[in-house]
Each structure stands twice: as C-alpha cells, then as structure tokens.
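Down below is the structure, laid out as structure tokens.
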Amino acid sequence: MSVKIVIDSSADVASRIKDRFTVVPLPIWFGDEKFIDGVNITHAEFYEKLASAPELPKTSQATPFEFEEIFRNIVSAGDEAVVLTISNKLSGTFQSALIAAEKFPGKVFVIDSETVTIGAGVLAEHAINLVDAGFSAREIAEKIESIKKKVRLIAMVDTLEYLKKGGRISKTVAFAGELLNFKPVIAVDGGEVKMLGKARGAKQGNNLLELEIERAGGVDFGMPVLLGYSGTDSSMLTRYIDEFSHLWVGRKDSLVRVEIGSVVGTHAGPGAIAAAFFAGV
C-alpha cells in the first residue's frame, strides 16, 4: 500500500516532482470555449489567449464526481490518498473533494491548503517528502494540517488591468494606479487574498516583498521554497532574485522557479512575481 498525493491544477509545483502528483484539472472558459487546465491548454497558450481576450476568462471548481473517480481508482488499487485543494475561501473545490471523500472513510484525507498556486506547491512538496519518509496517509494529513499556517505566499502584480476586469478593484482605482505606476503587493492570509500595499514602481514593490519576508522571520530553507512568475517572461523574477540576493545567501543557484498557472494568472495577469515559503519562526 502506498500514499498518493492529490492536488488540483491551481497548485503550481516544481517541475522535477510534477509526475509524483495526481492532478484534478480545473476548467477554464474563454467565452463559450472550454479548456481543461493543463490538458488541452498549456500555460503559454493560456497567456497568449489572455492577452487578446475581450473579456476575462472564467474558472470553475472541480466536481465531486471528478474527485470520486480519482479516489476510487486509488483505493481500488489498495492505496490511500491525501488531498490538497485550493483555499476554500477562493473556490468550492475543497467542498467537492470532501463530498467525494465521504465514500472512502479512512482511506482519503482532504485538506484545505488555505493558499493557492506556489503556496499550495510548497505544501504539496512537503507532503511528498513525508510520503518518502514512510508516513501513513493519516499521519501526513495531520502533519500538513499542523504546519500549513506557516506557509507564506506573497506577490507583486505588474498591472492592475486584470484585477480591474475581474472586479477585484474599481475602474477608478485602476486608472489612478496606472497613472501613478502602482504595483499592488498582495498575500494569501487565512485563505484569502489581501492587499499589503501599493508601491510606486517595481523597486518599491520589491522592497515590500522583502519586508514581508522579514516579518515572517525569514525563509525556512529546511523546507520547500518556490519562486513564481506569471506570463512567459521570467525577467522580472530574475531581477528580483538578483536585487535581493542577500535573502538567499548561498542558495541563489538552487532556487526553484515556477510558471504561475491559469487559475491565478486569470486575475494577476502577466508580469507578476511571487514567493512561497515556510516562515522561519
């Protein structure tokens, strides 16, 4: 018997361990055209379509049936599952997984990650490390529940356009922000997206990111760390890493960079950069 780690496609994980996960894909709608995240649309194709789309695409939660089918395959093979979903406050996917798991008591353990994208990615990578250490599904679920509050996900958005299209900010705020070159710095805290500040330009935005890392007590490099970027150009992230190299002393070359997927990319747009890590305290 082995333990399988199940994630939904909103979680962005390191490419070297992608094949270790069972992924439940989330649907994306560009108008009447439906795509399945990571199945019939790549991240690059998504950002190309996003740039030319007249309206913001819509994403939807996975259904209980989709989870049930995966759980049945795992359990029928004699295995157990630990399931990490996007924050319950951002999607109904967690509830869908819970409903499906009721049919497999003691075999499937569902966890609300209380985060998304690379935040869920570092938590999922930790779960894989626990599998490799020989823990049972129940033990892994308990350990993930106890440590998930230490996950920090902070990001700087390059443009307000997509937040405006998605109704996350008003047109007036977006217009003023574009005139003044505001760069919103955001975090996922308690499962919700919260604004940390509005920086004038990328340099101030990077300073805010550094401040939030310091407030977290620094980065616990004994745990998974991921840096992410949205779109197809990683140059903003490269500049950030170089400018704040003191944050990663002796570890700069080993930092893992991940392309942020369509679920978060829909609202962040291209050019966002993010860091996900376990707090040092």
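The values are calculated or read from the model by the stated rules, or taken from the named source; none is laboratory data. Predicted model only: the values in this text are computed from it and were never measured. Please note: Cβ atoms are built from the backbone with ideal geometry, for glycine as well, and neighbour counts cover all protein chains shown.
Restricting region 111-136 to residues that are buried (at least 24 other Cβ atoms within 10 Å of the Cβ) and either more than 21 Å from A276 (Cα to Cα) or of a type in the set (S, T, Y) (or both) leaves a set whose member that is nearest to the chain's Cα centre (by Cα) is T117.
Do the conditions hold for T59, that is, is it crowded, with 17+ Cβ neighbours inside 10 Å, at pLDDT 95 or above and among the polar types (S, T, N, Q)? Answer is no for this residue. Assuming D19 fulfils every condition listed in (1) in contact (Cβ under 8 Å) with a residue 12 or more places away in the chain; (2) under 21 Å from D132 (Cα atoms) apart from one, which condition is it? Exception for D19: condition (1).
Of the residues contained in region 213-236, none is found to be touching an Asp or Glu at 6+ places or on another chain (Cβ under 6 Å), assigned to a loop (DSSP other than H, G, I, E, B) and small (G, A, S). Scanning region 208-243 for residues that are of a type in the set (S, T, N, Q) and either modelled with pLDDT of 90 or more or in contact with a strand residue (DSSP E or B) (Cβ under 7 Å, 6 or more places away or on another chain) (or both) yields S230, S234, S235, T238. Do you know which of the residues in region 244-261 that are modelled with pLDDT of 85 or more and β-branched (V, I, T) is surrounded by the fewest Cβ atoms within 10 Å (Cβ to Cβ)? Only one residue fits best here, namely V256. When you scan region 24-37, how many residues do you find that are in contact with a strand residue (DSSP E or B) (Cβ under 7 Å, 6 or more places away or on another chain) and buried (at least 17 other Cβ atoms within 10 Å of the Cβ)? Qualifying residue count for the region: 7.
Would you check if S87 is touching a helix residue (DSSP H, G or I) at 6+ places or on another chain (Cβ under 9 Å) and small (G, A, S)? Taking the combined requirement at face value, the residue satisfies it.
The number of residues in region 65-107 that are surrounded by fewer than 17 Cβ atoms within 10 Å (Cβ to Cβ) and among the small types (G, A, S) comes to 5.
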